[in-house]
Structure formats: structure tokens, C-alpha cells
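So the structure is just underneath, and the comments pick up after that.
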Ligand SMILES: Cc1cc2nc3c(=O)[nH]c(=O)nc-3n(C[C@H](O)[C@H](O)[C@H](O)COP(=O)(O)OP(=O)(O)OC[C@H]3O[C@@H](n4cnc5c(N)ncnc54)[C@H](O)[C@@H]3O)c2cc1C
């Protein structure tokens, strides 16, 4: 059992608000709780907090922000909620989606204003699934920058952080009131700590091979490109407490992880006109539908790989992203002056690749319709010099988790809320519906930052 009876607890010390996990959700939760006046302790299993957040591109969606208004972009929470629901095929909680969309601009402005995160609107391209440009990112578009700013803000605010502290057990009353937790230190010693409110910000189970095999068996050939500390504890504790768990098979995949280099080639390269071909030199899907579902399309190809093909214009556009610059430095990005040369670099049949590129050019000119349904019109034709990256399908993080309400309170099966238990980010059920096809860019950090902030604010004011 990883939830122990409260009566067995002998707490060494106690804090009003405890947070499990120091990723984006945990740091936002800790900051918000501290800003609301509560003493807070964030416990992190790693020696230095990185989390999935630190590996991410760090793009956070916000609908109706001042950054959007400054660029003349009209947006609203209702429009954002419609986009999220459409992508999830309405198979998620519409009330929660609207509530998150309504809070999203406040979160972005809070991060930029009160937490010192240098966020600007990403206006160089539109992510698929979003009606308008609403992603906000740090200067180099990295989650590492986001984490650095959040950690600084936590220090300034006086939110305490204990690293090398893996939470192994919770203590709870029969009615589900959490009274504390046990954490394990690297030398195997344990400490028991009391708390008046607990926020689970320890993400999902993508780093737990057994759970992935059980709940998302389709990913058996996928590479894991997420944080290994995501071991699924929130779900295990939730089950023991009788919490409702939803969308366990949902996840953020990616169809463009540079094979052998471990660097994601981000989706703007596709959305602005790039394509993917398999080892036969042929396209195999509408690549523009979404990078998450494209993971399975790539994994279904020979040797579970594809080659992302694009040109100089897109190569230059991608320089906005630190990941892409790293991919160049690592040698993952290959350049060729002709399709034949590109084919040789990747071991593709030259004739087939030339045909594919000619077909794509015809689709771009609007002379034919794509058998996969993609609309190529409105963008320049791809042209020499050519670029390519060999990629595979990857799992980034899981989206299923504890069912929460619009204030991030964890719910029981009967819909009632636990008295002092909160969850956000990858620990909570996301807004992507039950499967791989519901994830659009930003869904991860939307729930990490906004649920985190709401959980912190609410936990700080519990009676
Ligand atoms: C390459 C990549 C790019 C991405 N880009 C974006 C993007 O641009 N926009 C977007 O919205 N989403 C993006 N995502 C998804 C996004 O990063 C995640 O949804 C988000 O970071 C989850 O935040 P979190 O705080 O819930 O989890 P995490 O950031 O993973 O933090 C959880 C923390 O909890 C700790 N922990 C776990 N268990 C315990 C325990 N028992 N005790 C103590 N500590 C524990 C972990 O070590 C970790 O530090 C991306 C993901 C990847 C992999």
C-alpha cells in the first residue's frame, strides 16, 4: 500500500501546503500558494529540478493576452475552448476546458508579470488545431528557460524546495483527507511530513515501462523522450484513495524525433510546407493533422522511421527554436542540392523521392488533390537546396490521470471533491480526450501552469 492510515503517522515536521514534484506545475503551484500567503514546500525526487517541463519547448497557450492584443490578434476563451474540444472530438469535460481557457490569459500574464518569465507571442507560424496564434514562449523557446525563471521566482517568493526527496507514501484519513506524506532520501532514509493541503504535480506515467505497456500498448515501438521521473505515482495513490481516473490511454506523442539524436524536429517545419516520406520515398499520411498522432503513423512505417523533407526557407524558419539549432550541431540535419543527392543521404529510392517531390509541388500549385487530404496550397513550393532529418515516433508524456474540477481539486468516482487534495499537469486528466489524436500544441503546459496556479491559490486558502 502506498497510502497509509493517518493514525500511523508520526510527523517529523509539518507545512501548510506540500507539493509533490518541481516541474512546471509544481513550481507554479508553489509560487501561487506562497504569493497567497501560505508557507509551502515543494518536494522533488531529482537532485536538480528539470522535469518534462525542462525538456519541453516551453510554449504556453493563452487566449486573450495583452501580447496577442499588441500584435492585433483577436482571441477569446470561448474560441480556444472550441478548438480544444474540436480536437478532442468533444470526448473530454467541456466545463473544465472552458474554465481552463478562461484562466489561460491570466496564467500567461501572471507568469510574465509576477513571476518574471520573459514570454512573448510566437507569431511566426500557426500551430494546427489553433484558430489563431496564441502560443507564448521564452526568448529561445525552451522549457529550460521557463524552469529557470520559475525557480528564481520561487526563491524570491520564499517557496521552499527540497530536492533529492522522492515522495513514496501519502497518509490519509478514511474520508480521504490527506494528513501528510513520506519521502525517501538518496541514502534510503525516510522523513514523514505533515501538511494541511497536498498538490500532486508529479506528472504521469510515461517513464514507467510497465504502465505504458499496460495502458498504451500501441506505443511498444515508440522511443520515450520524456522525463524518467514520471513513474505514475499520482495514479497509484489516486486509485488507493478511490479517486476517479480518466483517459488513461491518452498521451502526447511526436512524429519527428531525430532518430539516434534524441532531438525533436518541431512541427512548424511540417505546418509551413515540409513533408514526411518513408524508406520507400513515399508520403504515407496527412502530416499536418498533428504531431502527436503522427507518432503512430511514423511507427507504422518500415523500420518505424521516416524522413522529414523540407527546404532552405523552412530551414531558416526553424532557427527560431533551440532544439533545431541543437539538431544541426548534432549532425541530424542533412543538406543536399538535388533530390537524388538527398535520397542517397538517407538510403531512399531516388526515383520515388523525385516523384513524391513533384507530386507535392503539383499539390502546392493546386493542380491535384492530396489522397491523404492535406491542403498544400497558399505556401511556396519546396525548392533546392533540400534538407532532411531521419525521424521516428516518440512518447513525450501521458495525458490520462486524476479527474479534477475547475479549481484542480481531485474528484472521487461519485464526483465529490477530496477535502485537501489537488492535482495538475500530467498528474491530472488532460484536455486531450481518450486517445492520441486529441493533443494539440500547448495542452501539456496549459494544464501544468494553469492547474498549478489554481491549485496553489486554492490550497493556500483552505480553512
Ligand atoms: C520535448 C517536449 C516538448 C514539449 N513542448 C511542449 C510545449 O511547447 N508546450 C506544451 O504545452 N507542452 C509541451 N510539452 C509537454 C509538457 O512539457 C508537459 O505537459 C509538462 O511539462 C508537464 O508538466 P508537469 O509539471 O506536470 O510535469 P514535469 O515537468 O514532468 O514535472 C514533474 C516533476 O515531478 C517529479 N516527481 C515525479 N514523481 C515524484 C515523486 N514521487 N516525488 C517527488 N518528485 C516527483 C519529477 O522528477 C518532475 O521533476 C513537451 C514535452 C516534451 C517532452
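The values are calculated or read from the model by the stated rules, or taken from the named source; none is laboratory data. This is a predicted model, so every value here is computed, not measured. Methodologically, a virtual Cβ is constructed for each residue, glycine included, from the backbone with ideal geometry; neighbour enumeration extends over all protein chains shown.
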Pairs returned, first residue in the stretch 144-171 that is at positive phi, second residue that is part of a helix (DSSP H, G or I) and surrounded by 21 or more Cβ atoms within 10 Å (Cβ to Cβ), beta-carbon separation under 7 angstrom, 6 or more apart or interchain, are 158/34
Picking from 395, 382, the residue that is more than 22 Å from residue 126 (Cα to Cα), in contact with a strand residue (DSSP E or B) (Cβ under 9 Å, 6 or more places away or on another chain) and either in contact (Cβ under 8 Å) with a residue 12 or more places away in the chain or in a helix (DSSP H, G or I) (or both) would be 395
In the stretch 398-449, what residues are assigned to a loop (DSSP other than H, G, I, E, B), over 23 Å from residue 256 (Cα atoms) and more than 15 Å from the ligand (Cβ to nearest atom)? 403, 405, 406, 407, 413, 414, 415, 416
In the stretch 1-93, which strands (runs of 3 or more DSSP E) lie fully inside it and hold 2 or more residues that are more than 8 Å from the ligand (Cβ to nearest atom) and crowded, with 24+ Cβ neighbours inside 10 Å? 13-20, 40-43
Mind checking which pairs have a first residue in the stretch 46-57 that is not assigned by TED's automatic domain parsing to the domain that holds residue 19 and a second that is modelled with pLDDT of 95 or more, Cβ under 9 Å, 6 or more apart or different chains? none
What pairs can you find where one residue is in the stretch 16-37 and under 11 Å from residue 158 (Cα atoms) and in the same structural domain as residue 107 (by TED's automatic domain parsing), the other is part of a loop (DSSP other than H, G, I, E, B) and near the ligand (Cβ under 9 Å from one of its atoms), and their Cβ atoms are less than 8 Å apart, with a gap of 6+ or different chains? 30/22
Restrict the check to the stretch 103-114 and report whether at least one residue is part of a strand (DSSP E or B) and under 18 Å from the mean Cα position of the chain (by Cα). no
Per the filter on the stretch 346-360, residues surrounded by 15 or more Cβ atoms within 10 Å (Cβ to Cβ) and either part of a helix (DSSP H, G or I) or in contact with a strand residue (DSSP E or B) (Cβ under 6 Å, 6 or more places away or on another chain) (or both) are 346, 350, 352, 353, 354, 356, 357, 359, 360
Given the criterion more than 26 Å from residue 140 (Cβ to Cβ) and modelled with pLDDT of 95 or more, identify the matching residue among 381, 335. 381
Consider the stretch 322-345. How many of its residues are in contact with a strand residue (DSSP E or B) (Cβ under 7 Å, 6 or more places away or on another chain) and part of a helix (DSSP H, G or I)? 7
Scanning the stretch 128-161 residue by residue, those in a loop (DSSP other than H, G, I, E, B) and away from the ligand (no atom under 11 Å from the Cβ) turn out to be 128, 129, 130, 131, 132, 133, 134, 139, 140, 158, 159
Can you name the number of the only condition in (1) crowded, with 20+ Cβ neighbours inside 10 Å; (2) touching a helix residue (DSSP H, G or I) at 6+ places or on another chain (Cβ under 6 Å); (3) within 30 Å of residue 217 (Cβ to Cβ) that residue 391 fails? (2)
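Condition test on residue 185, is it touching a strand residue (DSSP E or B) at 6+ places or on another chain (Cβ under 8 Å), under 30 Å from residue 321 (Cα atoms) and within 12 Å of the ligand (Cβ to nearest atom)? Step through it out loud before you land on a result.
On the way: touching a strand residue (DSSP E or B) at 6+ places or on another chain (Cβ under 8 Å): yes; under 30 Å from residue 321 (Cα atoms): no; within 12 Å of the ligand (Cβ to nearest atom): yes.
So residue 185 fails the test.
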Selected residue (criterion: farthest from the chain's Cα centre (by Cα)) from residues of the stretch 410-432 that are surrounded by fewer than 24 Cβ atoms within 10 Å (Cβ to Cβ) and in contact (Cβ under 8 Å) with a residue 12 or more places away in the chain: 419
Flag for residue 297 being away from the ligand (no atom under 14 Å from the Cβ), in contact (Cβ under 8 Å) with a residue 24 or more places away in the chain, closer than 24 Å to residue 58 by Cα and surrounded by fewer than 24 Cβ atoms within 10 Å (Cβ to Cβ): no
